[in-house]
Amino acid sequence: MQDEIDSPQHHVDSAGTYVAVLVTLLFLTILTTAVAYVDLGYFSTVIALGIACTKMLLVALFFMHIRHSTKLTKLVVVGGLLWLAILLLLTLTDFATRTWIGVPGR
Amino acid sequence: MQLTAEREHYLNASYGLKSWLLTKDHKRIGLLYLFTITLFFFIGGAFATLIRLELLTPQGDLVSDDVYNRLFTMHAIAMIFFFMIPSIPAVLGNFFLPIMIGARDLAFPRINLLSWYLLVAGGAFALFAMIAGGVDTGWTFYTPYSTTYANGWVIATALGIFIAGFSSILTGLNFIVTVHRMRAPGMTWFRMPLFVWANYATSLIQILGTPVLAVTIVLLFVERVFHLGIFDPARGGDPVLFQHLFWFYSHPAVYIMVLPGMGVISEVISTFSRKPVFGYAFVAFSSVAIAVLGFLVWGHHLFVSTQSAFAGLVFSFLSYFVAIPSAIKVFNWTATLYKGSISFETPMLYAFGFIGLFTIGGLTGLFLAALGIDIHVTDTYFVVAHFHYVMVGGTIMAFLAGMHFWWPKITGRMYPEGWAKLSALIVFVGFNLTFFPQFILGYMGMPRRYHAYPPEFQVLNVLSTAGASVLAIGYLMPMVYFTWSLKYGKVAGANPWGATGLEWKTASPPPVHNFDETPIVTHDAYDYSTVHGEEIQVG
Amino acid sequence: MADHSHTETLDLRVQFDTAEQQKDCSTLGMWIFLITEVMFFGGMFAAYTIYRQFYPEVFAIASTSLNAKIGAFNTCVLLLSSFTMVMAVRAGQLGKQKAIVGWLILTLIFGGAFLGVKGIEWHEKFVEHHIPGQAEFHLEGLPQSEQGHAQIFFSLYFSMTGLHALHMVVGAGMLIWLLLEARKGTFSAKYYTPIDVGGLYWHFVDIIWIFLFPLLYLIDRHLKV
């Protein structure tokens with residue numbers, strides 16, 4: 001009750017908005033599949049993940065109504081992604097650095 | 001006092017088994033949890049008894065090495081997953097968190113009841129595994145032993161923990177939503193009691209950490225049952241990855257166990273010093289800081305694995321940071337006592353015990369965070385002593401402090417003060433006698449998880465076993481006098497301690513929806529000017 | 001605040017003061033649940049990241065053994081189901097009871113189609129002996145010494161798509177329940193929270209697939225044109 005409920009979800013998006021988002025998502029799916037057949041070296045992965053993140057943002061912002069959500073909901077989402085980053089990055093701190101410092105006997 | 005015979009409250013509003021098993025009242029669910037975890041405490045205690053009996057003599061004479069492996073594994077599983085993790089949050093948090101913020105119930109009462117059933121279901125799996133022959137992997141389930149070689153009930157136990165994990169997640173989810181959205185008018189974030197802050201921080205760990213344990217158990221499950229090979233070294237998998245995922249949850253889980261206890265201590269220290277907690281905001285934020293930092297240090301459990309030396313340095317460095325918020329709490333509790341009007345009721349005795357023992361447990365944690373010392377004492381009794389000082393000396397002391405502190409509110413009866421003080425003393429003496437010798441044993445090099453040991457370690461082991469017997473008496477006593485007090489205890493008023501929280505402004509035991517009318521909060525937490533003099537009956 | 005407790009209705013449970021507060025709690029609760037799901041799948045994404053870094057070539061070759069066109073088709077089917085789901089929520093906001101039922105049925109059909117295609121794909125893997133842990137396991141184009149690494153790729157493939165499919169099945173169960181309630185006329189513009197919250201879950205499962213598709217199907221496709 002104390003946190004201000006800044007924009008309660010009274011907002012109804014038009015069906016046209018949703019159709020536009022759907023078309024974009026389908027286009028991005030075809031794009032990411034097509035690009036995968038081109039040899040771009042490391043950038044293949046970067047582009048694939050970039051397109052996936054864009055699609056995630058579209059689904060989250062429009063279909064999941066994040067853009068009309070409370071600040072708290074946005075904070076929950078950002079916090080969750082931050083914790084996912086902690087899990088991935090600190091695990092990689094081990095796996096990516098195993099050759100950096102030699103340990104006798106290993 | 002009031003005429004208790006006439007007044008309706010949460011205990012006499014309805015009767016019968018069904019009214020308990022289908023209740024949506026957070027207070028009744030808290031008591032259901034209390035029965036469940038007490039059962040597992042005594043199961044875990046029975047395993048501990050057998051372990052200490054075996055270690056009375058250097059030879060492996062009471063049980064075989066295989067049975068001994070099963071004993072310490074099941075001791076840990078019963079105590080960690082089915083007693084300690086649900087203990088303070090699911091019993092005292094469930095009962096008091098909504099009342100302390102002036103709410104009628106948690107945000108999701110049905111999910112709250114579901115959480116309890118999930119714990120019971122998970123407990124049933126674990127109990128089945130224990131009865132059917134147990135599991136010998138250690139509570140950490142390290143691969144590839146657990147996936148390939150162990151012949152115990154790995155899957156049943158792991159499923160039990162998986163299900164109990166959902167219970168923990170849903171409790172955390174419920175608490176977070178409740179704290180954000182259900183506070184009474186005027187109950188701002190910085191007017192909340194520190195117990196609520198501590199449980200909020202705990203809930204953050206529960207929702208962010210537990211799912212990773214869940215997926216780790218799933219991957220263990222598919223590897224053992226379907227022979228997928230995610231951690232299998234024979235196929236190029238890395239067992240250390242299992243350890244990373246496991247400790248991503250299980251290190252923060254230590255703070256799931258101890259943070260709510262810290263919340264209890266803040267309430268008790270303030271009440272029995274009649275002073276606001278020194279540096280309230282620092283203590284509040286230190287709970288959140290511990291929750292966050294707890295996620296950045298798990299690699300210190302992997303110092304002797306093939307984890308890279310660089311990662312070892314990083315995790316060692318980060319581990320020291322946990323000392324900062326922990327020290328803030330200890331120093332601020334001590335500063336709260338300064339010039340306070342201190343009285344030595346039982347909860348306060350347990351709180352003093354907590355501060356001393358947690359400090360020893362925490363400081364020895366710094367030894368273990370140091371790479372060089374850790375290599376020396378890894379997998380010795382030094383580690384065993386360290387985490388028992390934090391969990392038993394910390395969490396269980398705090399749980400008992402909280403149980404005594406809130407017993408009059410929960411039941412409407414006072415416990416017998418003399419007996420309770422005696423038991424607090426016995427627990428403190430017994431605990432130190434049990435676990436202090438283990439520091440020395442570990443430093444001398446006695447490894448953990450063996451059923452036999454060289455004869456020169458016997459004196460200290462006998463001391464430890466003797467201490468465990470004293471400790472057992474100390475733990476049994478509250479069981480007896482709490483039960484006795486239900487019928488014969490002095491009737492408690494609404495506020496027997498002269499404490500400040502909202503829970504003391506409603507009747508004992510509280511009505512079904514906690515308050516006769518929604519409270520409106522106008523003061524900070526621990527504002528003793530709001531407590532009426534005539535309600536104080538300390539001494 | 002004069003009335004402390006009130007009679008309980010679907011859109012105003014006894015523990016809440018206002019319907020707005022109740023709706024807000026449900027949405028927040030679901031978002032927090034979804035964060036736990038992020039961490040749940042996160043453990044598998046961590047395992048994937050590490051093993052792909054360990055064995056990049058094996059992952060590329062193993063990935064090309066999956067059918068990217070079927071994968072892309074299935075991704076589109078799932079995106080369509082997300083669209084029909086959000087239309088069901090919109091119908092809920094507007095209180096159009098018939099439209100709710102229609103959109104929910106469509107969502108269920110697309111979701112079922114996705115699972116059906118997934119089942120066919122899994123079946124193919126069995127036929128091709130790409131099931132890790134089985135003695136016959138063999139991935140064409142790799143020496144014997146690297147077959148184990150390929151098994152790790154397929155272990156991740158089956159764990160990740162399997163748990164995703166399990167979430168779809170749970171979601172389908174939820175859709176059926178929503179459908180039954182919607183036909184009873186439970187939902188209105190005043191009370192459609194279950195559709196809203198169920199929609200969040202459905203979209204989340206969609207987002208997981210949005211990442212699984214390129215990570216599993218599209219690694220270095222140019223190797224096999």
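Quick notes on this one:
- Close amide-amide hydrogen proximity is noted between B:ARG413 and B:ALA492, each under 5 Å apart and 5 or more residues distant or on a separate chain (H modeled in the peptide plane; Pro and chain starts excluded).
- Nearest-ten-degree value, helix B:194-225 long axis tilted from longest Cα axis of chain B: 30
- HN-Hα J in Hz across segment B:15-31 - Karplus 6.51, -1.76, 1.60, θ = phi - 60°, x for Gly and Pro: 10, x, 4, 5, 5, 8, 6, 10, 5, 10, 6, 4, 6, 5, 4, x, 6
- With a threshold of 22 Å on the Cα-Cα distance, the over-threshold entries among B:LYS24/C:LYS23; C:LYS96/C:LYS190; C:LYS118/C:LYS184; A:LYS71/B:LYS329; A:LYS74/C:LYS98; B:LYS275/B:LYS487 are C:LYS118/C:LYS184; A:LYS71/B:LYS329; A:LYS74/C:LYS98; B:LYS275/B:LYS487.
- Convex hull projection area averaged over all views, segment C:26-140, Cα basis, nm²: 9.5
- Projected onto their three principal axes, the Cα atoms of segment A:4-97 cover extents of 48, 33, 10 Å, largest first.
- About its Cα centre, the protein assembly as shown has a charge dipole of approximately 900 debye under the convention of +1 per Lys or Arg Cβ and -1 per Asp or Glu Cβ, with nothing else charged.
- For chain C, averaging the sequence separation of C-alpha pairs within contact (under 8 Å, six or more residues apart) and dividing by the residue count gives a relative contact order of 33 percent.
- For B:LYS490, the lysines whose Cα comes closer than 26 Å to its Cα, not counting residues fewer than 8 places off in the same chain, are B:LYS27, B:LYS409, B:LYS421, B:LYS505.
- Hz values of 3J(HN,Hα) by residue in segment B:86-101 - Karplus curve (6.51, -1.76, 1.60), Gly and Pro given as x: x, 3, 6, x, 7, 8, 6, x, 4, 5, 9, 4, x, 5, 5, 9
- Dimensions of chain B based on its C-alpha atoms, expressed as ranges along the principal axes with the largest first, amount to 69, 47, 44 Å.
- A dipole drawn for the protein assembly as shown from +1 and -1 charges on Cβ atoms has a positive end, and of B:VAL63, B:TYR389, C:LEU28 the residue lying farthest that way is C:LEU28.
- When you filter the GluC sites (Glu not before Pro) in segment C:59-165 for DSSP loop state and at most 16 other Cβ atoms inside 10 Å of their Cβ, you are left with C:GLU128, C:GLU136, C:GLU140.
- Against chain B, whose longest principal axis is taken from its Cα atoms, helix B:65-79 shows a tilt of about 30°.
- Each residue of segment B:87-157 gets 109 Å³ once the volume of the Cα convex hull is shared out per residue.
- Computed Kirkwood radius, in angstrom, where 1/r is averaged over Cα pairs of segment B:58-125: 14.6
- If you take the Cα centroid of segment B:356-405 and the Cα centroid of segment C:1-50, the two points sit 35 Å apart.
- Segment B:114-262 - Rg over Rh from alpha carbon coordinates, Kirkwood radius: 1.07
- Based on the Kirkwood approach, the hydrodynamic radius assigned to segment C:19-223 is 18.5 Å, with every pair of different Cα atoms included.
- Between B:THR380 and B:ARG448, the built amide H atoms are under 5 Å apart, and every one of these is 5 or more places off in sequence or on another chain.
- Once the Cα atoms are used to define both axes, helix B:417-444 deviates from the longest principal axis of chain B by about 20 degrees.
- Note on segment B:487-531: Rg/Rh from Cα positions, Kirkwood definition for Rh, rounded to two decimals, is 1.01.
- Dipole orientation for the protein assembly as shown: of the candidates B:PHE435, B:VAL292, A:ALA36, B:VAL292 has the Cα lying most toward the positive pole (charges on Cβ; Lys, Arg +1; Asp, Glu -1).
- Candidates per GluC sites (Glu not before Pro) in segment B:1-103, loop by DSSP, up to 12 other Cβ within 10 Å: B:GLU6, B:GLU8
- Per residue, the convex hull spanned by the Cα atoms of segment A:12-64 amounts to 50 cubic angstrom.
- Sequence-ordered 3J(HN,Hα) estimates for segment B:105-111 from the Karplus curve with 6.51, -1.76 and 1.60 and θ = phi - 60° stand at 6, 5, 5, 10, x, 5, 5 Hz, glycine and proline given as x.
- Loop-exposed chymotrypsin sites (Phe, Trp or Tyr not before Pro) per DSSP, neighbour cap 16 Cβ within 10 angstrom, longest uninterrupted part of chain B: B:16-225
- Dipole of the protein assembly as shown, positive end: most advanced residue of C:TYR48, B:GLY362, B:ILE410 [Cβ charges, Cα centre]: B:ILE410
- For the protein assembly as shown, Kirkwood radius (reciprocal of mean inverse C-alpha pair distance, Å): 28.8
- Whole-number percent relative contact order across chain B, with pairs defined as alpha carbons under 8 Å at least 6 apart: 18
- For the pair B:ALA327 and A:VAL38, label points projected 7 Å from Cα toward Cβ lie 5.6 nm apart.
- Basic side chains Lys and Arg get +1 at the Cβ, acidic Asp and Glu get -1 at the Cβ, and with that the dipole of chain B about its Cα centre reaches some 840 debye.
- Restriction of the trypsin sites (Lys or Arg not before Pro) in segment C:124-225 to DSSP coil positions whose beta-carbon has at most 15 other beta-carbons within 10 angstrom yields C:LYS190, C:LYS224.
Laboratory data are not the source of any read-out in this text; all were calculated from the coordinates shown. Because the structure is a prediction, the values reported are computed rather than measured. A quick note on method: Cβ atoms are made from the backbone with ideal geometry, for glycine too, and the neighbour counts reach across all protein chains shown.
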